[in-house]
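The values are calculated or read from the model by the stated rules, or taken from the named source; none is laboratory data. Note that the structure is predicted; figures quoted are calculated from it, not measured. Because the Cβ atoms are built from the backbone with ideal geometry, glycine has one as well, and the counts that use them run over all protein chains shown. Heavy atoms of the whole protein, side chains included, go into the accessibility calculation; ligands, DNA and RNA do not. Shrake-Rupley method; radii C 1.70, N 1.55, O 1.52, S 1.80 Å.
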Amino acid sequence: MDIPAKYNPGQVEEKWYAYWLDKGFFRSVPDGRQPFTIVIPPPNVTGVLHMGHMLNNSIQDILVRRARMLGKNACWVPGTDHASIATEARVVAKLKSEGIEKDQITREQFLEHAWEWKRKHGGIILEQLKKLGASCDWDRTKFTMDEDMSESVIRVFVDLYNKGRIYRAVRMVNWDPQAKTAVSDEEVNYREVKSKLYYVNYRISGGDGFLTVATTRPETILGDTAVCINPRDERYGHLKGKKVVVPLVNRIVPIIEDEYVDVEFGTGCLKITPAHDINDYEIGLKFNLPVIDIFNDDGTLNSKAEVFIGTGRFEARELVVKQLRREGLLVKEEEYINKIGYSERTECVIEPRLSMQWFLKMKEMAVPALENVLNGQIRLLPVKYMNTYRYWMENIRDWCISRQLWWGHRIPAYYIGETQDYVVAPDLNGALELAKEKTGNKNLSVSDLRQDEDVLDTWFSSWLWPVSVFDGIRNPGNTDMKYYYPTDDLITAPEILFFWVARMIMAGYEYTREKPFKCVYLTGIVRDTQRRKMSKSLGNSPDPLELIKKYSADGVRMGMMLCSPAGNDLLFDESLPEQGRNFTNKIWNAFRLVKSWQVDQELETPEASDTAMRWFQERLKQGIAEINDNFEQYRISEALMTVYKLFWDEFASWYLEIIKPGYQKPMDRHTQRATIDMFRVLLKLLHPFLPFITEEIWQLMKDQPSESSIMFERMPESETFDRDAISNFERAREIIGFIRNTRKEKQIPQKEKLELKIRAAGYDTGFDAVIRRLGNLSAITMTTGRVDGAVSLITATAEYYIPLGDLHDHENELQKLRKELEYNRGFLKSVMMKLDNKQFIDNAPDAVIKKEQRKKRDTEAKIRSLEERIRTMGKNQE
């Protein structure tokens with residue numbers, strides 16, 4: 001067999017992914033097997049692959065590939081999200097570059113451009129995921145604005161409206177002036193920023209004197225409709241019932257009293273701008289104050305501001321401050337730290353604004369969503385997020401579900417004539433029938449109805465994702481829903497735990513009376529080594545496709561998983577995928593070595609090889625048990641590390657070294673067959689993590705070509721293993737290390753044979769053949785006394801000696817023993833600190849306590865042996 005000297009990942013990845021697709025290996029249809037289902041968190045249709053996607057989808061693919069190998073019918077549903085705000089912004093920018101403004105074209109024309117943009121760019125990220133090896137059922141690919149998906153969204157809106165859960169009202173909302181739409185409370189990120197507190201004089205109407213007000217937003221003075229004082233604040237008792245003149249616009253407004261005012265903040269006087277502050281709005285309602293909205297949709301000042309019309313809000317702030325200074329009304333400025341809200345999508349500073357919007361009542365729907373996470377019906381990992389989830393659900397607010405955009409699911413509300421009277425229906429014809437019924441006017445026609453201009457929040461479609469991808473809204477009892485739902489695992493990021501995860505749980509119980517998934521696995525955030533979140537603006541986010549070209553898909557997958565336990569951030573640098581690539585090269589070279597050996601059918605199995613095979617079989621069983629347990633606990637990084645060490649440290653570094661024949665010598669048939677079999681088991685364990693190289697080697701190992709794949713091989717099951725054999729090999733490894741160190745220190749060539757003497761009670765000779773072979777020993781003999789003129793290794797249960805004759809340095813050996821004694825005394829002290837700690841004893845698991853107690857016993861025995869050896873050598877020196 002001609003096996004290339006170097007592994008070529010580029011060719012291998014392209015070859016096998018095309019093969020998997022051509023054979024339909026990722027396709028899933030309901031059958032008699034146990035299903036395993038994952039729905040992909042749909043990336044934005046605007047998106048390209050970033051490091052967060054790499055981590056998330058690597059984990060999903062690992063779980064899906066493992067499920068296939070456990071004999072399950074694995075179904076991984078891919079798709080994309082229409083991403084209203086992001087996509088509309090991209091299309092608007094594209095049109096602008098072509099000299100077209102959005103307000104110059106009709107909605108229908110804009111949507112034609114948007115769909116064309118989607119057709120051109122919308123599938124990029126899914127094609128990129130294929131480069132990673134994602135084994136999605138691509139025939140099931142969904143888009144949140146597919147016809148069937150859109151119909152599901154509209155049906156849910158109508159249903160919730162008819163249940164009295166959806167309503168329309170004027171409320172203070174979070175307005176994004178860049179996107180020109182409302183966003184929900186959860187889409188606003190608050191940051192502490194350095195601001196200024198401006199102290200401004202308001203002239204008292206009809207008299208002398210001023211009232212000083214402190215504000216961080218002097219531009220909103222133009223919309224003031226009152227000044228408020230605390231009724232208990234004696235400083236302003238003489239101003240009760242009076243009025244003040246609003247600076248710059250000379251509007252006369254009342255001085256009102258309310259205990260909401262903090263007498264300690266600023267001057268204790270609060271300007272009231274009901275249109276631009278949620279708390280001011282509540283006070284305005286209480287006192288029936290007029291509302292003056294001074295901003296346009298884009299954050300520029302409108303005619304109601306009276307001055308600086310058309311200027312942006314931040315430019316207007318500077319202009320207002322300058323004018324106040326000119327008129328002698330600016331008393332002073334102070335540095336001030338306050339929290340400012342930013343739009344999650346556009347990073348634009350949010351503007352509180354009164355607006356007519358659509359809302360969904362959430363409290364009732366939140367009850368089963370909270371209860372079934374708390375009672376364990378839905379597993380949330382890591383559990384540290386349980387309190388966050390609980391807080392959100394117990395303090396949930398109504399959801400603002402309308403967005404002032406054109407791209408998205410248009411709200412199915414239809415206004416009658418020029419009135420604000422409306423009906424809600426799935427389509428225009430249904431709306432006409434309802435409108436006729438509501439008005440009693442049988443002569444109404446579709447031309448008398450106009451649909452609401454707003455679209456639904458993007459999350460209002462994606463919260464249905466686990467149900468709608470299987471058509472569970474339109475056809476609740478269909479075969480796919482019965483078979484694949486509820487899904488198994490959801491892999492996502494903590495920052496959308498409420499945006500998406502909680503809402504999916506609510507929708508699941510609302511429309512299926514069942515959980516949407518059994519386990520939520522929250523990944524960490526990919527950061528650079530300075531702990532900064534990776535972003536294009538910082539220039540610290542590598543291109544995933546370039547990483548794949550450089551380090552291979554398998555290498556990058558492994559690099560992402562090496563240090564990413566659930567919920568903990570991954571500190572990424574290129575040494576991680578480099579380590580992954582190095583591992584694939586190690587696997588390849590081990591395979592080449594094994595396949596290079598010539599086999600002699602008549603040759604007997606060497607004793608060392610037979611011993612090594614029996615040991616590694618037990619070590620392999622132990623590794624399988626550890627890997628299976630790690631997957632049960634969703635410790636995926638730990639599972640990878642276990643199989644990584646099993647292959648590199650045990651199989652390649654020790655097992656193959658023990659069994660490899662001498663230069664140009666053949667291998668016996670039994671050892672060769674057993675080694676190939678164990679290599680195959682290791683490939684199965686590795687396949688979910690490293691799909692490409694394992695497929696390549698698996699196919700090269702086969703005697704005959706077939707139409708199958710390693711992905712359908714059964715994953716090894718856990719079974720009992722011989723712990724004594726494993727621990728005895730650890731002892732042998734320690735002895736071999738001792739022999740090798742002695743050769744290195746004394747510069748004794750490997751070809752020169754040494755003798756090993758052992759002083760111990762109940763010594764097991766089971767690994768002597770291995771020790772003799774790797775240590776190149778002439779003999780291993782037992783002794784009842786200590787050996788003079790020898791270097792020694794002292795353990796808790798035995799003493800090992802290598803006689804050196806003239807090469808022995810008595811003083812140097814004594815010094816080494818003293819250092820080892822000092823180290824063990826320090827180690828014992830650290831163990832005793834734990835065992836003497838009542839808190840540790842009360843809280844640590846029994847297995848951990850027993851382990852520490854065992855360390856104590858072993859170290860004490862070793863100290864006694866070292867002390868006795870030092871005393872003996874000291875006497876001999878005298």
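Meeting the requirement of 1 or more residues that are under 30 Å from GLU495 (Cα atoms) and open to solvent by less than 60 Å² (accessible area, probe 1.4 Å), the helices (runs of 4 or more DSSP H) wholly within segment 5-99 are 51-69, 84-97. Here VAL331 passes the criteria (1) outside any strand (DSSP E or B); (2) in contact with a Phe, Trp or Tyr (Cβ under 7 Å, 6 or more places away or on another chain); (3) aliphatic (A, V, I, L, M) except the one numbered (1).
Check whether at least one residue in segment 660-667 is of a type outside the set (S, T, N, Q) and under 37 Å from the mean Cα position of the chain (by Cα), and report yes or no. No, segment 660-667 contains no residue that is of a type outside the set (S, T, N, Q) and under 37 Å from the mean Cα position of the chain (by Cα).
Per the conditions (1) modelled with pLDDT of 95 or more; (2) surrounded by fewer than 20 Cβ atoms within 10 Å (Cβ to Cβ); (3) over 20 Å from ARG203 (Cα atoms), the sole criterion not satisfied by PHE295 is (2).
Here SER343, SER303 are screened, and the one residue that is more than 47 Å from the chain's Cα centre (by Cα) and farther than 22 Å from ASN201 by Cα is SER303. Report whether or not GLU264 is farther than 28 Å from SER355 by Cβ and either out of contact with any helix residue (DSSP H, G or I) (no Cβ under 8 Å at 6 or more places or on another chain) or at pLDDT below 95 (or both). Considered against the rule, which asks whether it is farther than 28 Å from SER355 by Cβ and either out of contact with any helix residue (DSSP H, G or I) (no Cβ under 8 Å at 6 or more places or on another chain) or at pLDDT below 95 (or both), GLU264 comes out as yes.
Matching residues to (1) in contact with a Leu (Cβ under 9 Å, 6 or more places away or on another chain); (2) open to solvent by 30 Å² or more (accessible area, probe 1.4 Å); (3) at pLDDT 95 or above:
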| site | (1), (2), (3) |
| --- | --- |
| LEU324 | yes, no, yes |
| ILE337 | no, yes, no |
| ARG345 | no, yes, no |
| LEU360 | yes, no, yes |
| VAL373 | yes, no, yes |
| GLY376 | no, yes, yes |
| ARG379 | no, yes, yes |
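Pairs linking a residue in segment 588-613 that is touching a residue at least 40 places away in the same chain (Cβ under 8 Å) and under 30 Å from PHE692 (Cα atoms) to a residue that is among the aromatic types (Phe, Trp, Tyr) and open to solvent by less than 60 Å² (accessible area, probe 1.4 Å), with Cβ atoms under 8 Å and 6 or more positions apart or on different chains, are TRP588/TYR7; ALA590/PHE647; ALA590/PHE651; ALA590/PHE679; PHE591/PHE679; VAL594/PHE679; ALA612/TRP654; ALA612/TYR655.
Taking the listed residues ARG450, ARG390, ARG410, ARG403, the one that is under 30 Å from ASP148 (Cα atoms), open to solvent by 40 Å² or more (accessible area, probe 1.4 Å), within 35 Å of the chain's Cα centre (by Cα) and not β-branched (Val, Ile, Thr) is ARG410, with no other qualifying. Go through ARG532, ARG527 for me and flag whichever is basic (Lys, Arg), in contact (Cβ under 8 Å) with a residue 40 or more places away in the chain and either closer than 20 Å to PRO382 by Cα or open to solvent by 30 Å² or more (accessible area, probe 1.4 Å) (or both). Among ARG532, ARG527, only ARG527 is basic (Lys, Arg), in contact (Cβ under 8 Å) with a residue 40 or more places away in the chain and either closer than 20 Å to PRO382 by Cα or open to solvent by 30 Å² or more (accessible area, probe 1.4 Å) (or both). Is it true that ILE780 is of a type in the set (Val, Ile, Thr), in a strand (DSSP E or B) and crowded, with 16+ Cβ neighbours inside 10 Å? Yes: the conditions hold for ILE780.
Screening the candidates LEU593, LEU620, LEU571 for the property of being more than 26 Å from GLN699 (Cα to Cα) and among the hydrophobic types (A, V, I, L, M, F, W, C) yields one hit, LEU571. Taken over segment 504-536, the criterion of being within 23 Å of LEU55 (Cα to Cα) and not in a loop (DSSP other than H, G, I, E, B) is satisfied by MET504, PHE517, LYS518, CYS519, VAL520, TYR521, LEU522, VAL526, ARG527, LYS533. So, in segment 683-711, of the ones that are among the aromatic types (Phe, Trp, Tyr) and in a helix (DSSP H, G or I), which residue ends up surrounded by the fewest Cβ atoms within 10 Å (Cβ to Cβ)? Within segment 683-711, the match that is surrounded by the fewest Cβ atoms within 10 Å (Cβ to Cβ) is TRP698. Taking the numbered list (1) in contact with a strand residue (DSSP E or B) (Cβ under 6 Å, 6 or more places away or on another chain); (2) surrounded by fewer than 18 Cβ atoms within 10 Å (Cβ to Cβ); (3) more than 23 Å from ILE59 (Cβ to Cβ) in turn, LYS442 passes all entries but (1). Of the residues making up segment 105-131, those that are crowded, with 18+ Cβ neighbours inside 10 Å and more than 32 Å from the chain's Cα centre (by Cα) are PHE110, HIS113. Selection of helices (runs of 4 or more DSSP H) fully inside segment 543-614 by the criterion of at least 2 residues being closer than 30 Å to LYS533 by Cα and open to solvent by 10 Å² or more (accessible area, probe 1.4 Å) returns 544-551, 575-596.
So, ARG714, is that one open to solvent by 10 Å² or more (accessible area, probe 1.4 Å) and under 28 Å from GLU867 (Cα atoms) or not? So ARG714 does not fit the description; no. For PRO254, only one of the following conditions fails: (1) part of a helix (DSSP H, G or I); (2) open to solvent by 30 Å² or more (accessible area, probe 1.4 Å); (3) not basic (Lys, Arg). What is its number? Checking PRO254 against (1) part of a helix (DSSP H, G or I); (2) open to solvent by 30 Å² or more (accessible area, probe 1.4 Å); (3) not basic (Lys, Arg), the one that fails is (1). Remark: pairs (first residue in segment 479-507, over 14 Å from SER461 (Cα atoms) and of a type in the set (Phe, Trp, Tyr); second residue open to solvent by 10 Å² or more (accessible area, probe 1.4 Å) and assigned to a strand (DSSP E or B); Cβ separation under 7 Å; 6+ apart in sequence or on different chains) = TYR483/PRO35; TYR484/PRO35. In segment 632-651, the residue that is nearest to LEU380 (Cα to Cα) out of those that are of a type in the set (A, V, I, L, M, F, W, C) and open to solvent by 20 Å² or more (accessible area, probe 1.4 Å) is MET641. In segment 457-475, how many are open to solvent by 10 Å² or more (accessible area, probe 1.4 Å) and under 14 Å from SER84 (Cβ atoms)? Looking only at that region, the number is 2. Among the residues of segment 463-484, those identified as within 28 Å of the chain's Cα centre (by Cα) and outside any helix (DSSP H, G or I) are TRP463, LEU464, VAL469, PHE470, ASP471, GLY472. In summary, SER653 fulfils each of the numbered conditions (1) among the hydroxyl-bearing types (Ser, Thr, Tyr); (2) in contact (Cβ under 8 Å) with a residue 60 or more places away in the chain; (3) in a helix (DSSP H, G or I) with the single exception of condition (2).
Candidates ASN824, ASN843, ASN812: the one that is at pLDDT below 85 and under 45 Å from the mean Cα position of the chain (by Cα) is ASN843. You will find that of ALA553, ALA502, the residue that is touching a helix residue (DSSP H, G or I) at 6+ places or on another chain (Cβ under 7 Å), closer than 23 Å to LEU380 by Cα and of a type in the set (A, V, I, L, M) is ALA502 and no other.
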